[in-house]
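Below: the structure, in structure tokens.
The values are calculated or read from the model by the stated rules, or taken from the named source; none is laboratory data. This is a predicted model, so every value here is computed, not measured. As a convention, Cβ positions derive from the backbone with ideal geometry for all residues, glycine included, and neighbour counts pool all protein chains shown.
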Amino acid sequence: MKRFFHRKTSREVAKDRLKILLISDRVNCSPEMMELIKMDIAKVISKYMKIDAANMEILINAKGKGARGRTPTLYANIPILDLHKQ
């Protein structure tokens with residue numbers, strides 16, 4: 001079970017950064033672009049609900065299947081703190 005109110009250890013942060021680097025390399029998306037995508041998604045969702053943007057995870061997976069073969073798929077794990085914007 002994922003804990004919502006804990007600070008990530010330096011090991012967890014380093015692991016997350018490595019995952020982003022590896023995934024971004026596979027789908028030709030720079031880590032900077034991944035971070036911009038993450039910030040934009042957090043900004044939009046924050047208009048409607050309170051989220052924990054510091055602990056959200058955005059992944060792009062190249063294993064998705066589309067009409068033309070493999071297509072990148074975006075997965076988001078965004079902890080929701082409150083469904084009502086305050």
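Taken over the stretch 1-27, the residue count meeting the criterion of being closer than 13 Å to Asn55 by Cα and at pLDDT below 70 is 5.
Of all residue pairs spaced 6 or more apart or on separate chains, those with beta-carbon atoms under 7 Å, a first member in the stretch 28-47 that is at pLDDT below 90 and a second member that is part of a helix (DSSP H, G or I) and among the hydrophobic types (A, V, I, L, M, F, W, C) are Pro31/Ile20; Pro31/Leu21; Met34/Ile20. Candidates in the stretch 33-60 are the residues that are in contact with a strand residue (DSSP E or B) (Cβ under 8 Å, 6 or more places away or on another chain) and in a helix (DSSP H, G or I); of these, the one that is farthest from Glu12 (Cα to Cα) is Ile45.
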